[in-house]
1. Taking only segment 42-86 into account, find how many residues are assigned to a loop (DSSP other than H, G, I, E, B), modelled with pLDDT of 95 or more and of a type in the set (A, V, I, L, M).
2. I'd like to know if segment 87-98 contains one or more residues that are open to solvent by 70 Å² or more (accessible area, probe 1.4 Å), modelled with pLDDT of 95 or more and in a strand (DSSP E or B).
3. Picking from 114, 122, which residue would you name as being crowded, with 16+ Cβ neighbours inside 10 Å, of a type in the set (Ser, Thr, Tyr) and under 23 Å from residue 35 (Cα atoms)?
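The values are calculated or read from the model by the stated rules, or taken from the named source; none is laboratory data. Treat the numbers as computed from the prediction; the structure is a model and nothing was measured. Cβ: placed from backbone, ideal geometry, glycine included. Neighbour counts: every protein chain shown. Areas reflect the complete protein model, heavy atoms only, side chains present, ligands, DNA and RNA absent. Shrake-Rupley method; radii C 1.70, N 1.55, O 1.52, S 1.80 Å.
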Amino acid sequence: MRVIPIPARAGITGFESPAAEYTQLGLSLDELLINHPSSTFLAFAEGDSMQGKGIFDGDILIIDRHETVRNGDVIVASLNREFVCKIIDIPRRLLLSSNPQHQPVIIHEYDEFSIEGVITRSIRCHRKSPILSEK
């Protein structure tokens, strides 16, 4: 992977010449984004409940089952056979959204609940990928 060392700011008015120096890195996106390949899976985010954490509808979520869940982590869980992406509040047994329009969800003793993994990264595609168009 080649990295061009030019900071891209939102108000940028131009780039240096494409012939500017670049650094060759010996890594892949897999190595950069995935810590535990054998226990990692991808999913698509749906809805607006996690926008405050930078997760938007259609984003790709990288979910790691190997990571130990800590209080305040963004997780994917199965709640009563429905997959949800929420912030876990372990002491209060709550699933929290990062959008104030969504109320916290209490995890009751009678609920079918299991944590599927910790979201370690999310990816936003600004153009549709032909590979992902089949979604």
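1. The total comes to 3.
2. Of segment 87-98, the ones open to solvent by 70 Å² or more (accessible area, probe 1.4 Å) are 90-93.
Applying the additional criterion that residues be modelled with pLDDT of 95 or more yields 90-93.
When the remaining residues are screened for being in a strand (DSSP E or B), the result is none.
No: zero hits.
3. Details: 114 fails: crowded, with 16+ Cβ neighbours inside 10 Å.
Checking each option against the conditions leaves just 122.
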